[in-house]
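Notes follow the structure.
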Amino acid sequence: MQITEKRYYTPEEYLALEEVADYKSEYINGEIIPMAGGTANHNRITLNLSTNLNFAFRQQDYEVFMVDMRLWIPKRRIYTYPDVMVVVGEPQFLNNRTDIITNPKIIVEVLSDSTQGYDREGKFSDYRTIPSFEEYLLIDQTKIYVEQFSKTGNKQWMLREYDEEDEGISLNSVGFEISMQDLYNKVKFEVVDSEDDREE
């Protein structure tokens with residue numbers, strides 16, 4: 001059996017390949033990893049949150065970036081595409097490129113089956129190496145459920161969970177609140193029949 005040697009790329013090689021690629025990929029310490037495509041629910045949630053954030057911040061010194069904006073995490077040598085990022089003040093771009101941000105205050109990920117483990121653990125650990133990063137939202141697209149991690153001190157984070165339709169999410173690092181109804185507007189959850197409801 002022939003073993004194929006794993007190929008490692010420089011950050012420069014990755015960026016050159018990404019500019020001509022038909023789909024987006026992440027770069028993790030030399031490896032290029034294709035990203036899974038988003039679902040309709042993923043798109044609805046991302047758009048709902050981004051639209052509300054952008055409207056709320058229209059007269060403030062905050063800027064909202066979505067899916068196509070790349071993030072560079074220097075301490076982990078990672079390029080990735082968070083679903084939503086909020087920057088306070090002027091965005092800091094890597095090497096004067098306008099498609100790579102380095103200073104998000106808030107990062108949001110909409111969870112999928114294939115990425116939720118990494119988003120909760122590995123990616124959160126990576127994000128915490130960014131000095132400006134203070135708040136992390138993980139949004140479930142299969143049910144009403146949001147995890148909010150807020151930085152409370154050096155190496156200290158607080159978790160709050162939301163799972164009721166009539167709740168509102170308040171961000172701690174900036175002045176913003178959104179209801180769960182607005183966040184999940186037009187999101188369609190799959191209905192799973194219980195055994196009692198199934199026909200024999």
Regarding residue 161, is this residue part of a strand (DSSP E or B), acidic (Asp, Glu) and more than 18 Å from residue 85 (Cα to Cα)? yes
The one condition in (1) out of contact with any Lys or Arg (no Cβ under 6 Å at 6 or more places or on another chain); (2) in contact (Cβ under 8 Å) with a residue 60 or more places away in the chain that residue 79 fails to fulfil: (1)
What are the residue pairs meeting all of these: first residue in the range 99-111, first residue closer than 21 Å to residue 36 by Cα, second residue hydroxyl-bearing (Ser, Thr, Tyr) and buried (at least 17 other Cβ atoms within 10 Å of the Cβ), Cβ atoms under 6 Å, and 6 or more apart or on different chains? 107/127; 107/136; 110/46
Only one of (1) in a loop (DSSP other than H, G, I, E, B); (2) modelled with pLDDT of 95 or more; (3) under 23 Å from residue 188 (Cβ atoms) is not met by residue 37, so which one is it? (2)
Within the range 40-61, the residues that are surrounded by 19 or more Cβ atoms within 10 Å (Cβ to Cβ) and either assigned to a strand (DSSP E or B) or hydroxyl-bearing (Ser, Thr, Tyr) (or both) are 46, 50
Residue that is surrounded by the fewest Cβ atoms within 10 Å (Cβ to Cβ), among those in the range 14-38 that are β-branched (Val, Ile, Thr) and under 23 Å from residue 127 (Cβ atoms): 33
For the range 2-15, check the following and say yes or no: at least one residue is touching a Ser or Thr at 6+ places or on another chain (Cβ under 6 Å), in contact (Cβ under 8 Å) with a residue 12 or more places away in the chain and either over 24 Å from residue 113 (Cα atoms) or not in a helix (DSSP H, G or I) (or both). no
Taking only the range 101-160 into account, find how many residues are surrounded by 21 or more Cβ atoms within 10 Å (Cβ to Cβ), farther than 23 Å from residue 62 by Cα and not charged (D, E, K, R). 2
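The values are calculated or read from the model by the stated rules, or taken from the named source; none is laboratory data. All figures in this text were calculated on a predicted structure; none of them were measured in a lab. Methodologically, a virtual Cβ is constructed for each residue, glycine included, from the backbone with ideal geometry; neighbour enumeration extends over all protein chains shown.
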